[in-house]
Every structure is written in structure tokens, then in C-alpha cells.
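Enquirer: Have a look at the structure that comes next, please.
The values are calculated or read from the model by the stated rules, or taken from the named source; none is laboratory data. Source: prediction; values computed, not measured. Virtual Cβ from ideal backbone geometry, glycine too; neighbours counted across all protein chains shown.
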Amino acid sequence: MISALQLVLLLIFPAMVVVGGLRDLTSFTIPNWISAVLILAFFPAAFACGLAPGAIGAHLGVFALALLAGMGMFALRWIGGGDAKLFAAAALWLGVPASLSYLMVTAMAGGGLALALISVRSPILRPYVLSGPAWSRRLAEPDESVPYGVAIAIGALIAFPASPLMQAFRG
């Protein structure tokens with residue numbers, strides 16, 4: 001029975017990062033409730049998976065560093081406030097071993113996303129995108145921002161199997 005509880009709690013992470021990425025893609029916003037659910041759900045998931053208090057402390061340290069980095073990127077206008085919060089909330093779940101791959105994959109996915117948007121916003125492809133739904137037309141706007149929540153979601157999903165939570169679940 002505890003395995004079912006662990007599984008349900010662990011599924012919150014991929015569900016919320018996917019919802020965050022999709023919301024950013026379609027509306028250029030990530031609602032605060034997504035990051036709040038991730039932060040609040042981490043603790044029951046950590047306890048259900050049997051993480052030691054020291055490991056939970058390490059996760060909190062990674063969260064604090066990611067939040068500071070996100071705030072810095074927000075201050076530099078590289079990402080939005082929702083992106084910074086989602087970045088930190090996902091880092092809370094990933095912990096120390098998985099956070100490096102999270103950071104690297106998120107950066108690569110962000111670069112790929114930026115290149116894709118440059119292409120979509122080009123004079124060649126833009127007319128085709130403008131015939132699509134409203135959210136895709138917004139992606140084609142030359143002065144619009146980058147929905148970086150998509151890159152955060154990709155990085156988080158790829159790094160999650162290496163997280164201490166998933167290791168404890170498998171263990």
C-alpha cells in the first residue's frame with residue numbers, strides 16, 4: 001500500500017512541471033499555484049519515500065540556490081517570475097545529484113527553444129504560424145518573450161529519474 005502512496009505522490013512532480021510548461025507555452029504565464037503545489041507536495045513525497053532529514057536539508061539547499069539563481073535571471077530579464085519559481089520548485093524535488101543534469105538539460109532545451117522561436121518568427125515561417133491558434137500566433141510575435149517554462153519542464157523530466165526521491169522509490 002505504501003508503494004501506491006509513494007507512486008501517487010511522485011507523479012505530482014511530472015504532472016506539475018508538464019502543466020507549468022504547457023501553461024507557459026500557451027499563455028506566457030506560469031500560475032503560482034503550480035510552484036506552490038510542487039513545494040508543498042515535496043515534503044509528503046520525501047517522507048513517504050523515506051528520505052533522511054539530512055537529504056531533505058540538501059534538497060532545501062538546492063531549492064535555495066535555484067531560487068537565488070532564478071531571482072538573478074529574473075532581475076536580468078532573462079526569464080519571467082513564474083519561470084524562476086518553477087525552476088526553484090523543480091530543483092527542490094531533484095536534489096543534489098540530479099540538479100547538475102537539470103541545469104545542463106534546461107540550458108540546452110532553452111537554447112533549442114530560442115532557436116525554434118527565431119525560426120518561427122522568421123519571415124519565412126511566421127505567415128504559416130499566424131494562421132494557427134491564438135497561442136501559436138503569439139509565439140510568432142518578434143518582440144514576445146520566450147516561454148522558458150517549456151525548457152524547465154524538459155530539464156526537470158529528464159533529470160527526475162536520477163533524483164534521490166526516485167532512487168529511494170526504486171530502492
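Enquirer: Quick check, is Val96 in contact with a Ser or Thr (Cβ under 8 Å, 6 or more places away or on another chain) and more than 15 Å from Tyr148 (Cβ to Cβ)?
Expert: Here the answer is no, as Val96 does not meet what is asked.
Every residue, every condition in (1) over 17 Å from Thr26 (Cβ atoms); (2) modelled with pLDDT under 95; (3) more than 17 Å from the chain's Cα centre (by Cα); (4) buried (at least 24 other Cβ atoms within 10 Å of the Cβ), yes or no:
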{"residue": "Ala89", "(1), (2), (3), (4)": "yes, no, no, yes"}
{"residue": "Leu92", "(1), (2), (3), (4)": "yes, no, no, yes"}
{"residue": "Val96", "(1), (2), (3), (4)": "yes, yes, no, no"}
{"residue": "Tyr102", "(1), (2), (3), (4)": "yes, no, no, yes"}
{"residue": "Leu113", "(1), (2), (3), (4)": "no, no, no, no"}
{"residue": "Gly149", "(1), (2), (3), (4)": "no, no, no, yes"}
{"residue": "Ala156", "(1), (2), (3), (4)": "yes, no, no, yes"}
{"residue": "Phe160", "(1), (2), (3), (4)": "yes, no, no, no"}
{"residue": "Ser163", "(1), (2), (3), (4)": "yes, no, no, yes"}
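Residue by residue, here is whether (1) assigned to a helix (DSSP H, G or I); (2) buried (at least 17 other Cβ atoms within 10 Å of the Cβ); (3) free of Cβ contacts under 8 Å to residues at least 40 places away in the same chain; (4) among the charged types (D, E, K, R) holds:
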| position | (1), (2), (3), (4) |
| --- | --- |
| Val8 | yes, no, yes, no |
| Leu11 | yes, no, yes, no |
| Pro14 | yes, no, no, no |
| Gly21 | yes, yes, no, no |
| Trp33 | yes, no, yes, no |
| Leu38 | yes, yes, no, no |
| Phe47 | yes, no, yes, no |
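Enquirer: Please state which one of Arg137, Arg126, Arg77 is surrounded by fewer than 13 Cβ atoms within 10 Å (Cβ to Cβ) and among the charged types (D, E, K, R). Write out each step before concluding.
Expert: Details: Arg137 fails: surrounded by fewer than 13 Cβ atoms within 10 Å (Cβ to Cβ); Arg126 fails: surrounded by fewer than 13 Cβ atoms within 10 Å (Cβ to Cβ).
Checking each option against the conditions leaves just Arg77.
Enquirer: Can Gly82 be described as surrounded by 20 or more Cβ atoms within 10 Å (Cβ to Cβ), farther than 14 Å from Ile158 by Cα and touching a residue at least 24 places away in the same chain (Cβ under 8 Å)?
Expert: Considered against the rule, which asks whether it is surrounded by 20 or more Cβ atoms within 10 Å (Cβ to Cβ), farther than 14 Å from Ile158 by Cα and touching a residue at least 24 places away in the same chain (Cβ under 8 Å), Gly82 comes out as yes.
Enquirer: Which numbered condition trips up Arg137, out of (1) in contact with a Leu (Cβ under 6 Å, 6 or more places away or on another chain); (2) within 30 Å of Leu11 (Cβ to Cβ)?
Expert: In the conditions (1) in contact with a Leu (Cβ under 6 Å, 6 or more places away or on another chain); (2) within 30 Å of Leu11 (Cβ to Cβ), Arg137 misses (2) alone.
Enquirer: Any residue at all in the range 131-142 that's more than 28 Å from Ala69 (Cα to Cα) and touching a residue at least 24 places away in the same chain (Cβ under 8 Å)?
Expert: yes
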